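Working notes for the structure below.
The values are calculated or read from the model by the stated rules, or taken from the named source; none is laboratory data. Everything numeric here is computed off the predicted structure, so don't read it as measured data. Here Cβ is always computed from backbone atoms with ideal geometry, including for glycine, and neighbour counts include all displayed protein chains.
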C-alpha cells in the first residue's frame, strides 16, 4: 500500500503552522530566560524540582521504574527506533520520508547537544542524587528525543490512517508518552521543568519544519483520467437512508462541502423508505442523467443501489453508515464518513461482480458481499439491535456465542455442472468477498472482481471443533477437511434437508430449503481509493 502524503495536509492546514509558531516562541523565550537567569523562572524550576525530588525519594520503587524508562528512552534508543523506521520507509520506496526521518534525527539530536554547550546550564544539585548523570541541563536531551520521535510517529500515523477514533487514540498516545518521558527527567532530579519543556518544543519543531520544506505539497496525486466518471460533468445524486444518519441536514452539509472541494455540483437528494430501500430512488437518479450515485447507508442500502444500477455505466460511491459495512471494508473504502467522501468524490471507478440469488420460495434478488444459511443466518437474526447501536459489530460476536449450538444439517452443494457434494454443515457461506469484520479472513482467496463465488462449509461435530476452525481461519490454511471446506464456482446450488434460516449481506431473508447463487462479472462500477501516480 502506497502512503498517501496528502492526508497530512488536512482540512485545517493552519494547525501545524500554529503549533510550530508556539513551539518556536516557547523555545526561544525559555532559552533567553534561562540564559539571563530570570529569577521568577529559576524559582519556579527550583520549586517544581524540589517537589518532584521529594515525591520520588520517598518511593524507592519509583526510582527503579524511572531509571529503566530513562535507559530505554535515551537518545541511543530513539536513534535505533528512527533508524529502523527510516529503513522500513526506504525499503517501501518512500525515499523522501526516509530522508526526512534521518535529517530530523540528525538536526534534533546533534543540535540539542550544541545548544547545551552554548547555554551551559548546570543540572539540579542534591545531597544524595537519585540518578547520576553528567553534562549540561538545558535543553533536556531525553525530552528533545521524545519530541522528535513522537512527532515523527504522529505524522506517520496521520498519513497511514484515516480520520476517526483510531487515529485520535494513536495521536493521544504519542502525546502522553512524550510528556511521560519529559516528566521522568524531572522526577529523577536531573532536569528542571524549563529544560524538558524546551526539549519537547525543540524536538517537535524540527521535524514539523522539515516536513513543511521536504514533504508538504509533494503528495502524489492520482493520474487525472483515473478520477473521471460518467460524462465528466460532475453531477451526483445521493440515495440516503435517513435511519442511519443522526442529523440529516448536518450530513448533507458535509457532503456538499467535500463535493465542492473536489469540483462537484450540488447533489440531488433521494431518501429511502421502509417500502423502497433504494431501487426507486436509484432509478430516479439514473433518469436524471447523473454521473455518480452515492449510496449512503448500510450494506442493504448499498446492495439495493448497486442492484438497480447494474450495467448502467454509472458509478456508485459508497458511504458506509451501517454496522457491518463489509463491502466498504473489502474495497478499502474508509468507514469514517469524511474519508469516505474523499473516495466518493476523488476516487476512481472499479468494475466489481454482483451475484444473483434465488430460493425455492420464489425470492429473486442479489448480493454483493455474502449469502449464508444455517448458523451464519442465525447470528444475523439473533443480534440485538439496541446492543448493535451501542457496541457496533461486537454485537454479532455475542449473537454468535448463542448461535454456536445450531445443529448440523445435511446439505447437497452443486458447483456449476458438477455432481452434488454432500455435507453435514452448521453453516454454508457463499461469498463475493473474503473478509469479515475485524479483518477475519473467512474466504481469503475470494476477490470481488474475479468472476467466481467462493464457498465455505463449516461442519464441526462438537464444540471443541470450533477451536480448530478458528485457528485455520486466522492462519489462512488452505487445506480442506471434514470440519471446514472451501470451494469455488460461477454458479452454486444448495439444497438442505429441511428449511433453514438464510441471510443476504447481513440481512435475514427467512427460511428456505434451496438456494441458487450465480456470479455476474464486472456489472457494477464502484468508486474506490484512487491509485496514486508512481513515486519518482
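When you scan region 82-102, how many residues do you find that are out of contact with any helix residue (DSSP H, G or I) (no Cβ under 6 Å at 6 or more places or on another chain) and in a helix (DSSP H, G or I)? So that I can check it myself, show each step before the final result.
Looking only at region 82-102, we keep the residues that are out of contact with any helix residue (DSSP H, G or I) (no Cβ under 6 Å at 6 or more places or on another chain), and these are 83-84, 87-88, 91-96, 99.
Now drop any that are not in a helix (DSSP H, G or I), which leaves 83-84, 87-88, 91, 95-96, 99.
Residues flagged as out of contact with any helix residue (DSSP H, G or I) (no Cβ under 6 Å at 6 or more places or on another chain) and in a helix (DSSP H, G or I) within region 82-102 amount to 8.
Taking the stated definitions as given, is residue 269 over 30 Å from residue 42 (Cβ atoms), modelled with pLDDT of 90 or more and assigned by TED's automatic domain parsing to the domain that holds residue 100? It is false that residue 269 is over 30 Å from residue 42 (Cβ atoms), modelled with pLDDT of 90 or more and assigned by TED's automatic domain parsing to the domain that holds residue 100.
Of the residues making up region 12-27, not a single one is within 15 Å of residue 124 (Cβ to Cβ), more than 30 Å from the chain's Cα centre (by Cα) and surrounded by 14 or more Cβ atoms within 10 Å (Cβ to Cβ). Going by the conditions given, is residue 173 in a helix (DSSP H, G or I) and either out of contact with any helix residue (DSSP H, G or I) (no Cβ under 9 Å at 6 or more places or on another chain) or farther than 17 Å from residue 86 by Cα (or both)? For residue 173, the condition - in a helix (DSSP H, G or I) and either out of contact with any helix residue (DSSP H, G or I) (no Cβ under 9 Å at 6 or more places or on another chain) or farther than 17 Å from residue 86 by Cα (or both) - is met.
Among the residues of region 278-311, those identified as more than 21 Å from residue 340 (Cα to Cα), in contact with a strand residue (DSSP E or B) (Cβ under 8 Å, 6 or more places away or on another chain) and assigned to a loop (DSSP other than H, G, I, E, B) are 288, 310, 311. In region 341-364, of all residues being buried (at least 17 other Cβ atoms within 10 Å of the Cβ) and more than 26 Å from residue 317 (Cβ to Cβ), the one that is modelled with the lowest pLDDT corresponds to 359. For residue 514, the requirement of being surrounded by 17 or more Cβ atoms within 10 Å (Cβ to Cβ), on the phi < 0 side of the Ramachandran plot, in a strand (DSSP E or B) and out of contact with any helix residue (DSSP H, G or I) (no Cβ under 9 Å at 6 or more places or on another chain) is not met. Here 157, 229 are screened, and the one residue that is assigned by TED's automatic domain parsing to the domain that holds residue 269, modelled with pLDDT under 95 and either closer than 30 Å to residue 293 by Cβ or part of a helix (DSSP H, G or I) (or both) is 229.
Taking residue 78 as the residue in question, decide whether it is part of a helix (DSSP H, G or I), touching a residue at least 60 places away in the same chain (Cβ under 8 Å) and within 26 Å of residue 29 (Cβ to Cβ). So residue 78 fits the description; yes.
Among the residues of region 320-373, the ones that are outside any helix (DSSP H, G or I) and closer than 23 Å to residue 439 by Cβ come to 23 in all. Scanning region 260-275 for residues that are touching a strand residue (DSSP E or B) at 6+ places or on another chain (Cβ under 8 Å) and over 20 Å from residue 246 (Cα atoms) gives 264, 265. Looking only at residues that are out of contact with any helix residue (DSSP H, G or I) (no Cβ under 6 Å at 6 or more places or on another chain) and farther than 23 Å from residue 451 by Cα in region 478-494, which one is modelled with the highest pLDDT? Ranking the candidates gives 482 first.
So which residues in region 283-302 are without any contact (Cβ under 8 Å) to a residue 60 or more places away in the chain and farther than 19 Å from residue 233 by Cβ, if there are any at all? Residues satisfying the conditions are 283, 295, 296, 297. Given the structure, is residue 460 in a loop (DSSP other than H, G, I, E, B), touching a helix residue (DSSP H, G or I) at 6+ places or on another chain (Cβ under 7 Å), within 20 Å of residue 498 (Cα to Cα) and modelled with pLDDT of 70 or more? Judged against the criteria, residue 460 is a match. Residue by residue through region 239-262, note down the ones that are surrounded by fewer than 17 Cβ atoms within 10 Å (Cβ to Cβ) and in contact (Cβ under 8 Å) with a residue 60 or more places away in the chain. Of everything in region 239-262, those that are surrounded by fewer than 17 Cβ atoms within 10 Å (Cβ to Cβ) and in contact (Cβ under 8 Å) with a residue 60 or more places away in the chain turn out to be 254, 261, 262. Just one of the listed residues (455, 448) is buried (at least 20 other Cβ atoms within 10 Å of the Cβ) and farther than 25 Å from residue 349 by Cβ, and it is 455. In region 435-445, the residue that is modelled with the lowest pLDDT out of those that are surrounded by fewer than 19 Cβ atoms within 10 Å (Cβ to Cβ) and under 14 Å from residue 327 (Cβ atoms) is 437. Selection of region 1-53 for residues being out of contact with any helix residue (DSSP H, G or I) (no Cβ under 9 Å at 6 or more places or on another chain), part of a helix (DSSP H, G or I) and at pLDDT below 90 yields 14, 15.
Does region 420-439 hold any residues that are closer than 20 Å to residue 519 by Cα and in a helix (DSSP H, G or I), and which are they? The answer is none; no residue qualifies. Listed by first and then second residue, the pairs with beta-carbon distance under 9 Å, at least 6 apart or on different chains, first residue in region 44-64 and at negative phi, second assigned to a helix (DSSP H, G or I) and surrounded by fewer than 13 Cβ atoms within 10 Å (Cβ to Cβ), are 62/55.
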